[in-house]
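Read the structure below first, then the notes.
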Amino acid sequence: MMPVATVMLDDTPMFDPNILHELDWSENTTTFSPAISPLDPGDGLVLRPLCTADLNRETFEHMKRSGDYYVTVVEDTNLGQIVATATLVIEHKFTHSCAKRGRIEDVVVSGECRGKQLGKLLTSTLTLLSKRLNCYKITLECLPKNVNFYKKFGYSVSEENYMFQRFFN
């Protein structure tokens, strides 16, 4: 059973936490040493959806209403703080009859928790979650120095170029 953090009355999760419990971890392609999983991320740690109390309520409600954000966090229950996070965003592609495409964004682990495999855990979890949600593909963007890290999960470098325009700092 997944450890449960203390939940406040207004602490609504962004998505149903049971979906994390239902992931088929046997389909995970990455090894963990020592072994960790969504149900057992480590001593004093809980893997869960982002909740109302974690974020500005207006921003949270906007993301929750869309139904396409799966912001997943690792909370250190001893500190009462989020120590790692990653986001799965679902796009409905017109050119694929509104089929779902997943995109992993913002994989971040706090400095004091690096080396605890939390980035691996979040990436594996969101990759399996995208499969569970019937995405036809999943993508992510990363710096060239991080390519080998993501290859461990079955990702490959695309022939496409990533381009952008920035409008705000």
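The values are calculated or read from the model by the stated rules, or taken from the named source; none is laboratory data. A quick note: this is a predicted structure, and the numbers were derived from the prediction, not measured. Quick reminder, even Gly has a Cβ in these numbers, built from the backbone with ideal geometry, and neighbours come from all protein chains shown. Accessible surface is based on the protein model in full, side chains and every heavy atom, while ligands, DNA and RNA are left aside. Shrake-Rupley method; radii C 1.70, N 1.55, O 1.52, S 1.80 Å.
Structure notes:
Yes or no, residue by residue, for (1) charged (D, E, K, R); (2) open to solvent by less than 30 Å² (accessible area, probe 1.4 Å); (3) on the phi > 0 side of the Ramachandran plot:
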site: I19; (1), (2), (3): no, yes, no
site: C51; (1), (2), (3): no, yes, no
site: L55; (1), (2), (3): no, no, no
site: H62; (1), (2), (3): no, no, no
site: D68; (1), (2), (3): yes, no, no
site: K93; (1), (2), (3): yes, no, no
site: K100; (1), (2), (3): yes, no, no
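Yes/no per residue for (1) closer than 16 Å to T29 by Cα; (2) modelled with pLDDT of 95 or more; (3) touching a strand residue (DSSP E or B) at 6+ places or on another chain (Cβ under 8 Å):
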site	(1), (2), (3)
I104	no, yes, yes
V109	no, yes, yes
Q117	yes, yes, no
T123	yes, yes, yes
T127	yes, yes, yes
S130	yes, yes, yes
C135	no, yes, yes
L143	no, no, no
N148	yes, no, no
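- Of all residues in region 29-69 being of a type in the set (F, W, Y) and not in a loop (DSSP other than H, G, I, E, B), the one that is modelled with the highest pLDDT: Y69
- K116 satisfies every condition listed in (1) without any contact (Cβ under 8 Å) to a residue 40 or more places away in the chain; (2) open to solvent by 80 Å² or more (accessible area, probe 1.4 Å) except (1).
- Scanning region 120-148 for residues that are touching a Phe, Trp or Tyr at 6+ places or on another chain (Cβ under 8 Å) and open to solvent by less than 10 Å² (accessible area, probe 1.4 Å) gives L121, T123, S124, L126, L129.
- Subset of region 115-169 (residues that are over 15 Å from the mean Cα position of the chain (by Cα) and not in a loop (DSSP other than H, G, I, E, B)): Y136, K137, P144, K145, N146, V147, N148, F149, K151
- Single unsatisfied condition, Q165 versus (1) open to solvent by 80 Å² or more (accessible area, probe 1.4 Å); (2) without any contact (Cβ under 8 Å) to a residue 60 or more places away in the chain; (3) under 27 Å from I82 (Cα atoms): (3)
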